[in-house]
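Below is one structure, written out as structure tokens; the observations come after it.
The values are calculated or read from the model by the stated rules, or taken from the named source; none is laboratory data. The structure presented is a predicted model; accordingly, all values stated were derived computationally and were not measured. Cβ: placed from backbone, ideal geometry, glycine included. Neighbour counts: every protein chain shown.
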């Protein structure tokens, strides 16, 4: 982990998910817009985890939108990092072609 | 472009879950060869960065936004096998923790974004790389063009799923036209983010970039 690229990359990811995401567009995304325009949007069902404490990229119980969304972003970045590092570092051990 | 539950019926969703499981399984096998002490951290960073950037919806047209899919970005940085795994991790966490993308729809989303977006995009990247001069900036250009095309390609995956098993009965041609035209616009944003990110990594650690190592080894073969 002496690679500065990795450290800078994580810092950027944290800043984007934890801070910049507040300024993201809240308009429906491409699929959602198409579903609304064509007419099949109401065939969507709520996710089984819609009551997740992090549902819709907010932390349940945190009123301030900026803090709630930012915290959800930081938790998401940390979770993705933890899971993906565990998988990729774990798989590295099975690499038989390495010297 | 995360499909919620309910758009596509359960049999079709189950079929795509099976296809995705086979595809991701194959990538688990293929990815081992490209993961070592040097590339494993970049693979983890790629998944993490894509999660973060997917939170940043950008406006594309009146009342519409889009966000990075990341298939080509990941494939160029860490190779298509690892890219499929990275995007799958992101999609599963989004569905499980953030209720973004349905749970029964997970196989549909993994098919479109982790498999179609990554592999169709990477194939286009390879073709463009081949016809460009063998230098660093060609990698960024090829990645950008491939990223641009990968978004409507992934959108067509949804159109296929809609054709096979939509719960609604609206005409397929309306869905096709709207999905394609909207996602061509989103593809521009995808291309910009992909070019910026690939260029940044190429500037600092070109030795780690999977899509560039291929170009180098070709040169080495000619020399020998």
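Annotations for the structure displayed:
- Long-range neighbours under 8 Å by Cβ, at least six apart or interchain, first residue more than 18 Å from residue A:43 (Cα to Cα) within the stretch B:4-30, second modelled with pLDDT under 95 and assigned to a helix (DSSP H, G or I): B:28/A:91
- Condition met for residue A:39 (facing chain B (nearest Cβ under 7 Å) and within 25 Å of residue B:4 (Cα to Cα)): yes
- Of all residues in the stretch B:52-64, those that are more than 7 Å from chain A (Cβ to nearest Cβ) have Cβ atoms under 6 Å from Cβ atoms of residues that are surrounded by fewer than 21 Cβ atoms within 10 Å (Cβ to Cβ) and outside any strand (DSSP E or B), 6 or more apart or on another chain, in B:60/B:185; B:61/B:185.
- Number of positions in the stretch A:13-26 that are within 7 Å of chain B (Cβ to nearest Cβ) and either touching a residue at least 24 places away in the same chain (Cβ under 8 Å) or crowded, with 18+ Cβ neighbours inside 10 Å (or both): 5
Per-residue answers, yes or no, for (1) within 11 Å of chain A (Cβ to nearest Cβ); (2) surrounded by 24 or more Cβ atoms within 10 Å (Cβ to Cβ); (3) under 17 Å from the mean Cα position of the chain (by Cα):
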residue	(1), (2), (3)
B:83	no, yes, yes
B:94	yes, no, yes
B:99	yes, no, no
B:130	no, no, no
B:151	yes, yes, yes
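- When A:9, A:36, A:73 are checked against the criterion of being within 15 Å of residue B:94 (Cβ to Cβ), part of a helix (DSSP H, G or I), at pLDDT 95 or above and out of contact with any strand residue (DSSP E or B) (no Cβ under 8 Å at 6 or more places or on another chain), a single residue qualifies: A:73.
- Qualifying residue in the stretch B:24-43 (condition: at pLDDT 95 or above, closer than 18 Å to residue B:99 by Cα and facing chain A (nearest Cβ under 10 Å)): no
- From the options B:95, B:75, residue that is in a helix (DSSP H, G or I), closer than 27 Å to residue B:38 by Cβ and either modelled with pLDDT of 95 or more or touching a helix residue (DSSP H, G or I) at 6+ places or on another chain (Cβ under 6 Å) (or both): B:75
- Members of the stretch A:71-81 found to be facing another protein chain (nearest Cβ under 8 Å) and over 9 Å from the mean Cα position of the chain (by Cα), listed by number: A:81
- Boolean, residue B:103 is surrounded by fewer than 20 Cβ atoms within 10 Å (Cβ to Cβ) and in a loop (DSSP other than H, G, I, E, B): yes
- Residue that is facing another protein chain (nearest Cβ under 8 Å), surrounded by 17 or more Cβ atoms within 10 Å (Cβ to Cβ) and without any contact (Cβ under 8 Å) to a residue 24 or more places away in the chain, where the choices are A:68, A:47: A:47
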